[in-house]
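Here is the structure we will look at, set down as structure tokens.
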Amino acid sequence: MFDALTGRLDGIFKKLRTRGKLHPKQVDSALDEMRTALLDADVAVEVADDLLQRVRTRALSEEVMKSLTPAQQVIKVVRDELQETMGGTQATFQLPGAKPAVIMMAGVQGSGKTTACAKLGRMYKEKGKRPLLVAADLWRPAAIDQLVTLGQEIDVPVVSEGKDAVKVAKSGLKHAQREGFDVVIVDTAGRLHVDEDMMREARRVKDAIRPHHVLMACDAMTGQDAVVQARAFMREIDTTGFVLTKLDGDARGGAALSITAVTGRPVFFAGTGERPADLEPFHPDRMASRIMGMGDVLSLIDKAQENLDADRAAEAAKKMMDASFTLEDFLEQMEQVRKLGPLQDLLAMLPGVPGGKNALKELQVDDGHMARAEAIIRSMTREERRDPAMIGGPRRLRIARGSGTTTAEVNALLKEFEQARKMMKSMLGGKRMPRIPGMPNLPGLG
Amino acid sequence: MELWWIPVVVVSIFVAALAVLRVSRRRGATTESVVPGTRPGPAEAPPSRRTEALGARIRSLFGGAVDDPWARLEELLVKADVGPSTAGRVVTAVRDRYTSGSDPVELVSDEVAEILAGDGALDLPEGRLAVIMVVGVNGSGKTTTIGKLASRLARAGRSVSLAGSDTFRAAASEQLDIWARRADAHLVIQQRGADPGSVAFDAVKAAEARGSDVLIVDTAGRLHTKQPLMDELRKVRRVLEKAAGRPPDETLLVLDATTGQNGIAQARAFTDAVEVTGVALTKLDGTAKGGFVLAVREQLGLPVKLIGMGEAIEDLEPFEPRTFADRLLSA
């Protein structure tokens, strides 16, 4: 999401890096360029200026100016400030021991409130709690139906009794108390912050149910308006934190910086997809790393640890190195990689490749090609997978038929496999461990 | 040659390297727990002076002693989501034309209106079924816009059919159904999870059979970065073309005015995929200005055709460049 900003900062810092020592004027021109980059990333003007002011003060301090690697120091300062602006450390979302714990969800239309409610419900269900969803959006057509359907999918009950939002919320809470639910999640109607009647309604709902958390759903693609919205909701219903939604797109996500800066409240969760499981804790440090061109490696490592077997991965690494990597291994790697998510998303998490900057990220990949490749390899015999050289014309035809593809596609796959093997060999060349770009100085990897 | 295998290789190597290195993960920062009420309150900000017209603010900039009024003017445009580079260009153009005595606000307004000028009307044929395909990211306001558009067309005496090709989102067809009834439109839907192309095909056939004037096709919200979903959208367009014997007469992209610069990326991706013919800009009834449509127009040539001003059925208006420009410069 921060790809383009990352690219811009890369360019600015490359200039800084080559100069060795910093002159205040150099710092200023770098900060100027960075301001444009931040504004392009939809960071609110006031937030960007405030951040750059702090960066400037620190960057011009004796310690940095006299450092042997001042550029590195400045980069570190920027990274720290970005992280600080987004709330600093990862905020853990905690509910009090009270039963039921009450969460209220609010936000403007289309920000993803209902989906976020279902995701939270699923999260607590997974944790072994008994969540209850309350559909208090009585304005949008079929909003209640939407939550009811999502509730069925995640097996969490949904209630909505009453003619106005306050009554629905209250009766939902009573229902939860009566039936012994642990967590009540109240979905409310989308409302524009300038709609005074609707904002008052939100406050009345809040006063009626006294939630332990008031979350505001904020679309990661929001522009300068994010600060206006966040302030207005804060003033009216004292938001305790945010859910940053639609973070799986390519929005640079300046809103994440803006809303935390102006409210002093953290982003607790990030919505990263359309499925109920696509809710993750928000990590300011990772976001800052991403901005700085380090990729979202930590998220990738998380995914890998959750889904993959380290021993098998190590074995695959060995095969890649000594070139005994076969189509069978290739197939297995595809299956493994698939477990981690769509290819395009994985690419976005990888650190920038030096020199080739964002070439890797700009690559358009389609999981359909991978599916077709898998089908082709599955239509081969074990012998063929181990020794593709034996696949002549008749065999190609058979494989094409078996996989519902054409011989041209089989040929292409064989070529692609050869390319892949070459790339593995060259990247892993010799006995040396691969130098994965960005890895040596990763934060959090010791 | 296709390059899909590159990420497979890179990710494989990456994971393999991690496994070999037995990287022990150390969680970066200490985890701070946040219990309601324990966090310090937000920095108290002065109440925003929303009531004061932006135009008046610019004027006052030129009246009083300001270091660099042009920089401030540029900043005001950035705050309207025009984007730093477009804002820079607009200001430069205005500055070139500026002679003391002329009204800077009017010059900016002229410049904006000029960029956005052009044919903003829906181009619908008469005498045969007109097909409008509606696309956009999640939550941009597609279904609401369709409801309002259906009502608008019905009020103009056209008979309208709606196709619920959003078969993904929970209760999408129920939402469309309610709008169809409000607008007195005919509705074609299938069960959730059905093939969106098949709904589109049926809808064309049904609308033709009933002799409808206009068919509006709702599609599922999708982030423009999700290639498989964009491919699905291409397919819906192809199906519509096949069923009707010609491509959709209008392909409207619904953009949320509260969006920032990402709106440009959205417009580009949807135009690449389904040849968008115009933009419907929604949620203009808030404080957001939707200034990014300037860049959308400049870079992609896409005109804004409709604007959404609220949730009521009549809150959809034709786009007026001059009104939009004035709004961009006023609160």
(Q) Given the options B:221, B:127, B:118, B:136, name the one that is touching a Pro at 6+ places or on another chain (Cβ under 6 Å) and either closer than 26 Å to residue B:291 by Cα or at pLDDT below 95 (or both). (A) B:118
Q.
Name the residue that is most open to solvent (accessible area, probe 1.4 Å), counting only residues in the stretch B:163-191 that are of a type in the set (Asp, Glu) and part of a helix (DSSP H, G or I).
A. B:174
(Q) I'd like to know if the stretch B:206-215 contains one or more residues that are surrounded by fewer than 20 Cβ atoms within 10 Å (Cβ to Cβ), at pLDDT 95 or above and in contact with a helix residue (DSSP H, G or I) (Cβ under 9 Å, 6 or more places away or on another chain). (A) yes
Q | Residues of the stretch A:206-220 that turn out to be facing chain B (nearest Cβ under 9 Å) and at pLDDT 95 or above, as a count | A | 5
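This table checks each residue for (1) open to solvent by 30 Å² or more (accessible area, probe 1.4 Å); (2) within 9 Å of chain B (Cβ to nearest Cβ); (3) at pLDDT below 90.
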residue	(1), (2), (3)
A:56	yes, no, yes
A:64	no, no, yes
A:68	yes, no, yes
A:72	yes, no, yes
A:78	no, no, yes
A:93	no, yes, no
A:97	yes, no, yes
Q | Residue count for the stretch A:244-263, restricted to those that are more than 14 Å from the chain's Cα centre (by Cα), within 9 Å of another protein chain (Cβ to nearest Cβ) and either over 16 Å from residue A:49 (Cβ atoms) or of a type in the set (Phe, Trp, Tyr) (or both) | A | 1
Q) Taking the stretch A:383-402 only, how many residues are under 15 Å from residue A:327 (Cα atoms) and either touching a Lys or Arg at 6+ places or on another chain (Cβ under 7 Å) or surrounded by 13 or more Cβ atoms within 10 Å (Cβ to Cβ) (or both)? A) 7
Q: Scan the stretch B:72-112 residue by residue and report those that are of a type outside the set (Gly, Ala, Ser) and not in a helix (DSSP H, G or I).
A: B:81, B:82, B:98, B:99, B:103
Q. How many of the residues making up the stretch A:151-181 are more than 14 Å from chain B (Cβ to nearest Cβ) and either touching a strand residue (DSSP E or B) at 6+ places or on another chain (Cβ under 7 Å) or in a strand (DSSP E or B) (or both)?
A. 10
Q) Going through the stretch A:235-259 one residue at a time, which ones are open to solvent by 10 Å² or more (accessible area, probe 1.4 Å) and in a helix (DSSP H, G or I)? A) A:235, A:236
**Q.** Selection count, the stretch B:302-314, where residues are at pLDDT below 95 and either hydrophobic (A, V, I, L, M, F, W, C) or surrounded by fewer than 20 Cβ atoms within 10 Å (Cβ to Cβ) (or both)
**A.** 5
Q: For residue B:194, indicate whether it is within 11 Å of chain A (Cβ to nearest Cβ) and surrounded by fewer than 23 Cβ atoms within 10 Å (Cβ to Cβ).
A: no
Q) Residues in the stretch A:132-144: is at least one aliphatic (A, V, I, L, M) and free of Cβ contacts under 8 Å to residues at least 40 places away in the same chain? A) yes
Q: Just need a number here: residues in the stretch A:95-149 that are assigned to a helix (DSSP H, G or I), touching a helix residue (DSSP H, G or I) at 6+ places or on another chain (Cβ under 8 Å) and not polar (S, T, N, Q).
A: 8
Q | Candidates A:361, A:425, filtered to the one that is part of a helix (DSSP H, G or I) and modelled with pLDDT of 75 or more | A | A:425
Q: Might you check whether a residue that is facing chain B (nearest Cβ under 9 Å), among the acidic types (Asp, Glu) and farther than 21 Å from residue A:219 by Cα occurs anywhere in the stretch A:129-150?
A: yes
Q | Total residues in the stretch A:269-328, condition among the β-branched types (Val, Ile, Thr) and modelled with pLDDT of 80 or more | A | 2
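Residue-wise test of (1) farther than 29 Å from residue B:16 by Cβ; (2) outside the structural domain of residue A:330 (by TED's automatic domain parsing); (3) over 40 Å from the mean Cα position of the chain (by Cα); (4) in a helix (DSSP H, G or I).
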position	(1), (2), (3), (4)
A:385	no, no, no, yes
A:389	no, no, yes, yes
A:395	yes, no, yes, yes
A:398	yes, no, yes, yes
A:402	yes, no, no, yes
A:405	no, no, no, no
A:411	no, no, no, yes
A:414	no, no, no, yes
A:419	no, no, no, yes
Q) Where in the stretch B:219-331 are there strands (runs of 3 or more DSSP E), lying wholly inside it, with at least 1 residues that are of a type outside the set (Gly, Ala, Ser) and within 26 Å of residue A:37 (Cα to Cα)? A) B:250-256, B:278-282
Q: Six or more apart or on different chains, Cβ under 9 Å: which pairs go from a residue in the stretch B:156-184 that's within 18 Å of residue B:198 (Cα to Cα) to one that's of a type in the set (Lys, Arg)? Could you list them?
A: B:161/B:210; B:166/B:142; B:167/B:192; B:168/B:192; B:168/B:222; B:169/B:192; B:172/B:192; B:173/B:192
Q: Can you tell me which residue among B:120, B:157 is surrounded by fewer than 20 Cβ atoms within 10 Å (Cβ to Cβ) and more than 30 Å from residue A:220 (Cα to Cα)?
A: B:157
(Q) Can you tell me how many residues within the stretch A:191-234 are assigned to a loop (DSSP other than H, G, I, E, B) and open to solvent by 10 Å² or more (accessible area, probe 1.4 Å)? (A) 8
(Q) If residue A:381 satisfies all but one of (1) without any contact (Cβ under 8 Å) to a residue 40 or more places away in the chain; (2) under 28 Å from residue A:317 (Cβ atoms); (3) touching a Ser or Thr at 6+ places or on another chain (Cβ under 8 Å); (4) not small (Gly, Ala, Ser), what's the number of the condition it fails? (A) (3)
Q) Out of (1) farther than 24 Å from residue A:119 by Cα; (2) without any contact (Cβ under 8 Å) to a residue 40 or more places away in the chain; (3) touching a Lys or Arg at 6+ places or on another chain (Cβ under 8 Å), what's the single condition that is false for residue A:234? A) (1)
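The values are calculated or read from the model by the stated rules, or taken from the named source; none is laboratory data. Since the model is a prediction, treat every value here as computed from it, not as a measurement. Positions of Cβ are generated from backbone atoms using ideal geometry, with glycine treated the same way; all protein chains shown enter the neighbour counts. Note: accessible area is taken over every heavy atom of the protein model, side chains too, but ligands, DNA and RNA are not part of it. Shrake-Rupley method; radii C 1.70, N 1.55, O 1.52, S 1.80 Å.
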